[in-house]
Structure formats: structure tokens, C-alpha cells
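Colleague: Once you've had a glance at the structure underneath, I'll fire off some questions.
The values are calculated or read from the model by the stated rules, or taken from the named source; none is laboratory data. Everything numeric here is computed off the predicted structure, so don't read it as measured data. Note: ideal-geometry Cβ built from the backbone for every residue, glycine included; neighbour counts use all protein chains shown.
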Amino acid sequence: MLELAPEINTPYREIRKLQRKMDRSRRANNPNKFKVDGTFNQSNHDPWVRSKHYLRDQCKLQRIQGKLSNLRKQSHERLANEIISQGTEVFVEEMSFKGLQKRAKGSRKKHKGTIVLVFYFFMR
């Protein structure tokens, strides 16, 4: 069994730091949107205030996630091309991923269904 997109090194630490920074900024700029205990106040319908730094960090996060998405897609397409080059018929087996999810450690954050879509695209 192959690992999907093995060459991608996801910068989890950088993503998490950006998300924490954005959360602190969101809470500082919208104190009326949160209760004293830190939970979201659902009764407040004021518009969200987004600072210039928050929007900049949001763009950084989107750029990182977009790059990862593109790399993952390229890797899946490369794998699909490799599999298709080995034969003319490809059979896709229906299976439940529950057992695989319980055993998997490194592949929890990687997309499993994308490779099947890539197969269908290339086999047309």
C-alpha cells in the first residue's frame, strides 16, 4: 500500500502558529462576540471586525494551504499516470476506510478520495 503524496512536508507548526495568531487578533478586535469564559456569543449579530494584520495573516494561510493543495494534486496525478502506464485496465475497489483510519497515523490529514477522482479524469 502506497502513502499518498509522500513528498509533501506539511508545515503544521507554521499553520498552527498562524491560526493561533489570527484567533488572538479576532478576539482582540471583537470582544463583544465572545463571552467572559472565551466561548462564542451567539446572541451578538454585529459584523466582524477584521484588522489589516488579520487579513494579511489570512492571505498567508490561504497561500500555504493553496500550495499544499497544488502539491497534493500534482502528486496524485503523478501516481495516477504511473498506475495507468502499467496497464490499460484499472479496477477501483469499493472499501470502507474506517479500519484504515483507526490504524493510520501519518495519513490522517491527507486526502484519500482525490486519487480516485484523478483516475476517473485520466481514464476518460
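Colleague: In the list ARG50, ARG56, which residue meets the criterion of being in a helix (DSSP H, G or I) and out of contact with any Leu (no Cβ under 9 Å at 6 or more places or on another chain)? Please lay out each step first, then the result.
Modeller: Working: ARG50 fails: in a helix (DSSP H, G or I).
Only one candidate passes the filter, namely ARG56.
Colleague: A further question on this structure: From the set of residues in segment 17-34 that are among the charged types (D, E, K, R) and surrounded by 12 or more Cβ atoms within 10 Å (Cβ to Cβ), which is farthest from VAL118 (Cα to Cα)?
Modeller: Here is the first cut: in segment 17-34, the ones among the charged types (D, E, K, R) are 17, 20-21, 23-24, 26-27, 33.
Now restrict to residues that are surrounded by 12 or more Cβ atoms within 10 Å (Cβ to Cβ): 17, 21, 26-27, 33.
Working: LYS17: 32, LYS21: 35, ARG26: 38, ARG27: 40, LYS33: 42 Å.
Filtering segment 17-34 for residues that are among the charged types (D, E, K, R) and surrounded by 12 or more Cβ atoms within 10 Å (Cβ to Cβ), the one farthest from VAL118 (Cα to Cα) comes out as LYS33.
Colleague: Something else: Run down ILE8, ILE15 and say which single residue is out of contact with any Cys (no Cβ under 9 Å at 6 or more places or on another chain), touching a residue at least 24 places away in the same chain (Cβ under 8 Å) and in a loop (DSSP other than H, G, I, E, B). Reasoning before the result, please.
Modeller: Details: ILE15 fails: in a loop (DSSP other than H, G, I, E, B).
After ruling out the rest, the residue left standing is ILE8.
Colleague: Additional query: Just checking, which of GLY66, GLY38 is exposed (fewer than 15 other Cβ atoms within 10 Å of the Cβ), within 30 Å of ILE83 (Cβ to Cβ) and not β-branched (Val, Ile, Thr)?
Modeller: Working: GLY38 fails: within 30 Å of ILE83 (Cβ to Cβ).
Exactly one residue qualifies, and that residue is GLY66.
Each row is one residue, and each column tells you yes or no for (1) modelled with pLDDT of 95 or more; (2) farther than 21 Å from ASN9 by Cα; (3) not aromatic (Phe, Trp, Tyr).
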| site | (1), (2), (3) |
| --- | --- |
| MET22 | yes, yes, yes |
| VAL49 | yes, yes, yes |
| TYR54 | yes, yes, no |
| SER75 | no, no, yes |
| PHE97 | no, yes, no |
| ARG108 | no, no, yes |
| VAL116 | no, yes, yes |
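Colleague: Then there is this: Taking segment 41-52 as the search range and keeping residues that are of a type outside the set (Phe, Trp, Tyr) and loosely packed, with under 10 Cβ neighbours inside 10 Å, which one is nearest to the chain's Cα centre (by Cα)?
Modeller: Going residue by residue through segment 41-52, those that are of a type outside the set (Phe, Trp, Tyr) are 41-47, 49-52.
Filter again for loosely packed, with under 10 Cβ neighbours inside 10 Å, leaving 42-43, 45-47, 52.
Working: GLN42: 27, SER43: 30, HIS45: 29, ASP46: 29, PRO47: 27, LYS52: 24 Å.
So the residue we want is LYS52.
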